[in-house]
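Nothing in this text is a laboratory measurement; each read-out follows from the coordinates by a stated rule. Just so you know, these numbers come straight off a predicted model, no measurement behind them. We place every Cβ from the backbone using ideal geometry, glycine too, and count neighbours over all the protein chains shown.
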2 protein chains.
Amino acid sequence: MPKTRQQNQNSLYLSPVITIVIISILSPLSLAAQPSKFRRAPRFVGKLPHLTEPPQRQQRQQQQQYRYETRYFEQRLDHFSFADLPTFSQRYLINTDHWVGPNRLGPIFLYCGNEGDIEWFAVNSGFVWDIAPRFGAMLVFPEHRYYGESMPYGSTEVAYQNATTLSYLTAEQALADFAVFITNLKQNLSAEASPVVLFGGSYGGMLAAWMRLKYPHIAIGALASSAPILQFEDIVPPETFYNIVSSDFKRESASCFNTIKESWGELVSVGQKENGLLELTKTFHLCRELNSTEDLADWLESAYSYLAMVDYPYPSDFMMPLPGYPIREVCKKIDNAPDATSILERIFEGVSVYYNYTGNVDCFQLDDDPHGLDGWNWQACTEMVMPMSSSRDKSMFPAYDYNYSSFKEECWNDFNVIPRPRWITTEFGGHVWELF
Amino acid sequence: MPKTRQQNQNSLYLSPVITIVIISILSPLSLAAQPSKFRRAPRFVGKLPHLTEPPQRQQRQQQQQYRYETRYFEQRLDHFSFADLPTFSQRYLINTDHWVGPNRLGPIFLYCGNEGDIEWFAVNSGFVWDIAPRFGAMLVFPEHRYYGESMPYGSTEVAYQNATTLSYLTAEQALADFAVFITNLKQNLSAEASPVVLFGGSYGGMLAAWMRLKYPHIAIGALASSAPILQFEDIVPPETFYNIVSSDFKRESASCFNTIKESWGELVSVGQKENGLLELTKTFHLCRELNSTEDLADWLESAYSYLAMVDYPYPSDFMMPLPGYPIREVCKKIDNAPDATSILERIFEGVSVYYNYTGNVDCFQLDDDPHGLDGWNWQACTEMVMPMSSSRDKSMFPAYDYNYSSFKEECWNDFNVIPRPRWITTEFGGHVWELF
């Protein structure tokens, strides 16, 4: 029942959350929710596997299919003040192969670049490439500021140096970048009358929805895929995300769900034994000895969350090379191991589908860098404050109650910044979503 | 025919310009267009007569009618970045006398503070006070940042020091101030469900219209009075404003229009004579000897423009104490002087209706301060770039062709800032105004 399953997968975020137009043909939820740690507050990851380096292999494979020119556009660092700040160069990709031109009002499909290298998103957004010929559309992929090559202050090092240099990494500024960019592009092409349609997935989908709301004179429509624009304040219950991820697993197999749910306690009890961390290091084939059980838990939780986001009915290679229906494959490994297999060995077999589907990995790097100054963590600590809990019953993740105070403290420690948890709903709405 | 005349007055800016909802019950166009000088480019004045000091006399008179509490609300200086900037205290006036409260969904009427002291606007916006009882509405008047008491950096001196301190004086920031303010107020009053309706005149009307566009989740409607939201780029012909002012005079009397139109040449030729400036000083009863003919021309042009903006059918005291139909009164003075009266003497008699209706003024201060660092001039030099020309035939003002280059140069000299003439239409639209 591939169709049903695909729809179920889509319901991951879509049912209560989405407005405008939503279907799930774009990139998966790259905006991942990192499940709760044992002691630390959960927060969205954004620390994508290929964040800084687009997968070269994949690019080579797809070069034939996804052809674009790379160009650059000069942007103000702050659109909303006249402070004397350096401009920066925004990268964008453009394909006009199928565009029927301004006289025939050829549309412009604008993919709202999100928290990563734009080339990676462009070659993983097959839908817009597929439909461009049918609509005689131009494709443009402006990159999001502070990601990929679109770096203010000339380099990632300077741009990510501190809260002052990072302070212009906001959604409103990114939307204004898109607005100024597309207005200018249309003028240059004498295509003022060409309609613009926005596309985006996950955070990029939020941008698409918000841009349609804030710039109705610029875009006639938006396709916001898997865009959690209602995951703020108390609009949806904080358990929503992990409940849905968990139900994706439960649907495949109740025993799979239960094994995962039991594994956290097992993890803790093994970790507390003498030489327990060494035992876990061996069980999970880690390259370096484990420092704490939490690091391993993070790594496992990430796998489950990402798996739910990319649970496509066909083989794909967005986050990782994966088979079709990857959750089903994970659960098969967990459920079908020989009877004597321990819970943690089952878990290892399961997540290997995610981390090692090709079978080429000899040992695993947890690569846990919770304080890394990556862009999404900054955004999560400033505007994108999304309360997330893990419920005791419906979630297979360790139980966790969202705690704003500790989140705020963590942000202060990481970035010297105080979050503005009510700003997004003030600026973009959300509470009265019938209004959209 | 008071009704017809009132409607004509309204047409000053309204016919091609206004969207949303427009009627003219609010304050007149405080956003005045300074007519063309002989050599200098014209630009909006904003330098309102009572800008810094609300008229005390008027306030005392109206205290009974307009009662409000004065409160303050802490605002971020930059809503759209996380730069570490000092907050400032936004003043607002509030009246809840007629509010039926949150349970009965009592509406909130929000007057969008514009370029001046909020008390002055509040006591000159009779309409909202008149209708509040009928709607059971609360009235709030948040002051615009950088005006009145709502001064960043603790004082006008520091706030207006240079382009850096002024850089957060923008319309987008002001709208965000209103959004944050009203969201917070409603929460404090448990009045989240109470509808908000925006009101504003002139620049404040632009803010009302733009706020309804950008914050549909916050305001269910806007009454934007005399709001020139289409006076940008080439959306309306640049001659529009002065043509309409001129037609207001022509409608009263063709000879009045002609006398004014002829007076500029007369002014120049007298000014060029030996002792000509002294002669003009005497004719116009100036307190100090005239430095240049332009200064006098500016003063006259301001009077005509403001007269058109406050050509109410009843006596009023917004800009100046004036009779009802003040343009008619001006033209009577110009037309009905004894036959031997010179053109310039007629002009003096005419503008005395504006500058000296009470008859208490012995001599006139031109008070020309074209480089004064007042807020509106900054706004006009940054975002509010409104091209204005004076046509050779339809305008009674000296002919002038708008020249962006010289405007830009003037802004650089005055403020060390480069205007962004396309920004407002990018941010708020305007070209395709059917969309509104």
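Descriptive notes on the structure:
- If you plug the beta carbon distance of residue A:192 and residue A:422 into 1/(1 + (r/R0)^6) with R0 = 41 Å, you get a FRET efficiency near 0.65.
- Considering the rotation that superimposes chain B on chain A, the residue of B whose beta-carbon lies nearest the axis, and that distance in Å, is B:80, 2.
- Where both bridge residues fall in segment A:81-212, DSSP classifies roughly 35% of the beta bridges as antiparallel.
- Shortest-first distances to equivalent copies, position residue B:276, nm, label 7 Å out along Cβ: 9.9
- Each peptide in A:266-274, A:79-87, B:109-117, B:130-138 receives the mean, over its residues, of other Cβ atoms within 10 Å, and ordering these scores from highest gives B:109-117, A:79-87, B:130-138, A:266-274.
- Which listed pairs, of B:261/B:333; A:261/A:282; A:250/A:333; A:282/A:394; B:273/B:333, have C-alpha distances above 23 Å, in listed order: A:282/A:394; B:273/B:333
- Listed peptides B:119-128, B:89-98 appear in the order B:119-128, B:89-98 once ranked by packing, highest mean of other Cβ atoms within 10 Å at the front.
- Rounded to the nearest 20 debye, the dipole size of segment A:240-355 about its Cα centre is 220 debye, using +1 on the Cβ of Lys and Arg and -1 on the Cβ of Asp and Glu.
- Mean partner shielding of peptide A:79-92, defined as the number of other chain Cβ atoms within 10 Å of each residue Cβ, is 5.
- For the residues of A:207-217, the average number of beta carbons from a partner chain within 10 Å of their own beta carbon is 3.
- Peptide A:96-107 has a mean shielding of 0, counted as Cβ atoms of other protein chains within 10 Å of each residue's Cβ.
- Long-range amide H partners of residue A:72 with built H, under 5 Å: A:92
- Here the simple spin-label model places points 7 Å from the Cα toward Cβ, and for residue B:233 and residue A:255 these points are separated by 6.5 nm.
- Phi to ³J(HN,Hα) by Karplus 6.51 cos²θ - 1.76 cosθ + 1.60 over segment A:104-109, Hz, x for Gly, Pro: 9, 6, x, x, 10, 9
- When only Cα pairs below 8 angstrom with a gap of at least 6 residues are kept, segment B:240-355 shows a relative contact order of 28 percent.
- For segment A:240-355, convex hull volume per residue from C-alpha positions, Å³: 102 Å³
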